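The values are calculated or read from the model by the stated rules, or taken from the named source; none is laboratory data. All figures in this text were calculated on a predicted structure; none of them were measured in a lab. Ideal geometry is used to build each Cβ from the backbone, glycine not excepted, and the neighbour counts take in all protein chains shown.
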Amino acid sequence: MIITSKSDYGMRAALHLARAGRRVRLHEIATEQHIPESLCAQIMRRLVAAQIVRSLAGPQGGYELAREASTISIASILAAADRDICIFRCVEDGCDCEFAGKCAFQGILQAFGKSFSEYLQRLTLEDIRPEGAKLPPFTVVESKDVLVTAKG
């Protein structure tokens, strides 16, 4: 999976807000999450545009979650912070590999990628809010009904 710095920072910023449970200033998020402040501001604008975070101006201003953590998917945070989730480049449209469409491994990667994207859609900020949270199990169902489970 492609997790860029921006998507990582977006996750850390959203999780910081979820754990704080209060309005937080940009400087605090940037400092405590080790995110360059100018980049943090850019990411927070994206999270606001995606209605994940609310921005409040003024002396008592800052950022807070725009809705309950249980309604915010991890996939939506990653997509808002940088781009849509791309699991493997070779299964996306526009694959330039000479084996595209003929690769035996491509089908496996497509099944895994689809399952992982669905998992991130189901996984919410509430699921990861507690320190050391036990994640729900991740299951991949391959097209030939082969079931693979990875413990979260």
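Tabulated results
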read-out	value
Residue count for segment 100-128, restricted to those that are surrounded by 15 or more Cβ atoms within 10 Å (Cβ to Cβ), modelled with pLDDT of 85 or more and not polar (S, T, N, Q)	7
Residue in segment 65-80 that is modelled with pLDDT under 90 and of a type in the set (Asp, Glu) present	no
Test: residue in segment 85-96 that is outside any loop (DSSP other than H, G, I, E, B), of a type outside the set (A, V, I, L, M, F, W, C), over 16 Å from residue 8 (Cα atoms) and at pLDDT below 90	yes
Qualifying helices (runs of 4 or more DSSP H) (wholly inside segment 1-77; at least 1 residues being touching a Cys at 6+ places or on another chain (Cβ under 7 Å), crowded, with 16+ Cβ neighbours inside 10 Å and not basic (Lys, Arg))	5-20, 26-33
